[in-house]
1. Quick test of your reading of the structure: residue 196 fulfils all but one of (1) away from the ligand (no atom under 12 Å from the Cβ); (2) crowded, with 21+ Cβ neighbours inside 10 Å; (3) in a helix (DSSP H, G or I). Name the failing condition by number.
2. State which residue is surrounded by the fewest Cβ atoms within 10 Å (Cβ to Cβ) when the search covers only the stretch 241-265 and only residues that are part of a strand (DSSP E or B) and without any contact (Cβ under 8 Å) to a residue 40 or more places away in the chain.
3. Would you confirm whether any residue within the stretch 95-106 is more than 19 Å from residue 122 (Cα to Cα), within 16 Å of the ligand (Cβ to nearest atom) and touching a residue at least 60 places away in the same chain (Cβ under 8 Å)?
4. For the stretch 266-282, name all the residues that are within 16 Å of the ligand (Cβ to nearest atom) and assigned to a loop (DSSP other than H, G, I, E, B).
5. Inside the stretch 158-189, can you point out the residues that are in a helix (DSSP H, G or I) and within 24 Å of residue 229 (Cβ to Cβ)?
6. Mind checking whether some residue in the stretch 225-236 is part of a helix (DSSP H, G or I), out of contact with any helix residue (DSSP H, G or I) (no Cβ under 6 Å at 6 or more places or on another chain) and within 16 Å of the ligand (Cβ to nearest atom)?
7. Among the residues of the stretch 119-147, what is the count of those that are part of a helix (DSSP H, G or I) and either crowded, with 19+ Cβ neighbours inside 10 Å or not assigned by TED's automatic domain parsing to the domain that holds residue 105 (or both)?
8. Whether any residue in the stretch 163-178 is assigned by TED's automatic domain parsing to the domain that holds residue 280 and within 16 Å of the ligand (Cβ to nearest atom) is what I want to check.
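The values are calculated or read from the model by the stated rules, or taken from the named source; none is laboratory data. Since the structure is predicted, the reported quantities are computational estimates derived from the model, not experimental observations. No Cβ is skipped: glycine too gets one built from the backbone with ideal geometry, and neighbour counts run over all protein chains shown.
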Ligand code: GYE
């Protein structure tokens, strides 16, 4: 009961701040309406939280791009709770923002609130993670990364890595999978893409798969548990670098050499993972680009003008593998 009251109080505070902002912006907006351009656009953005360096970079990219574009941003951090995202989206509707954008923490459960946004005539842009929804017309489009392709890229590296190694279903290449947040599109997509490839080669076997929720702490805990119960591990496929950093801590505690004794494939390409790749502790890093702020602002402008946008926009991503020349790689920024 206490927690609920606190959460409602927080939401009230958020609404109050939004009202204050809107009050001054509304007058600002009316003044702006005389000026051309998009200065008066108000974008409501619901971010899921701050669970990883990737997420924090994604938030910075959005906030900096909004400031650069002169777009007034109402930014809400849902602290990993879908109900907080739904509350935030409802508050954006109440204040009649021009556009709503959000990262759906999980794929399901958005029909009602997106119907409310549609009924209010506010276009919605889905970013980073995808949603499962009956009526695709309830949102204008998606911009983000292709999680299924990221999973395929991880598996294709393993095919090359183990090419020629004698293996059979009786003497398999044993894979541990640490997956992301259960029910999230990146976790489902990466698992799907990985299996699309691996399942064609029976010598590869996933002997353990658990969700580490994209968290370093859970990656560490899961890896300690795996190392205490399984002694023959060939590969770790981790859905994000945050969990991988926890995995590295747990492996090194056991005196095992990551990247040598156990092949490690990870996704995101944050600086710490690239550094581990350079040290030979990780073998493959699949990029997942968090810096989509500028594109999000361009799309918000279009939607605010009533323009249509492409349904699915996937951002460019690369794969970094052991042996690559990374000397010219710019700092990752996350
Ligand atoms: O891989 C992870 C973050 O939604 C693609 O969420 C994103 C994932 C990313 O916590 O680091």
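1. For residue 196, the exception is condition (2).
2. Checked the stretch 241-265; the qualifying residue surrounded by the fewest Cβ atoms within 10 Å (Cβ to Cβ) is 262.
3. Yes; the residues of the stretch 95-106 include at least one that is more than 19 Å from residue 122 (Cα to Cα), within 16 Å of the ligand (Cβ to nearest atom) and touching a residue at least 60 places away in the same chain (Cβ under 8 Å).
4. Result: 269, 270, 282.
5. 158, 187
6. no
7. The total comes to 2.
8. Within the stretch 163-178, one or more residues are assigned by TED's automatic domain parsing to the domain that holds residue 280 and within 16 Å of the ligand (Cβ to nearest atom).
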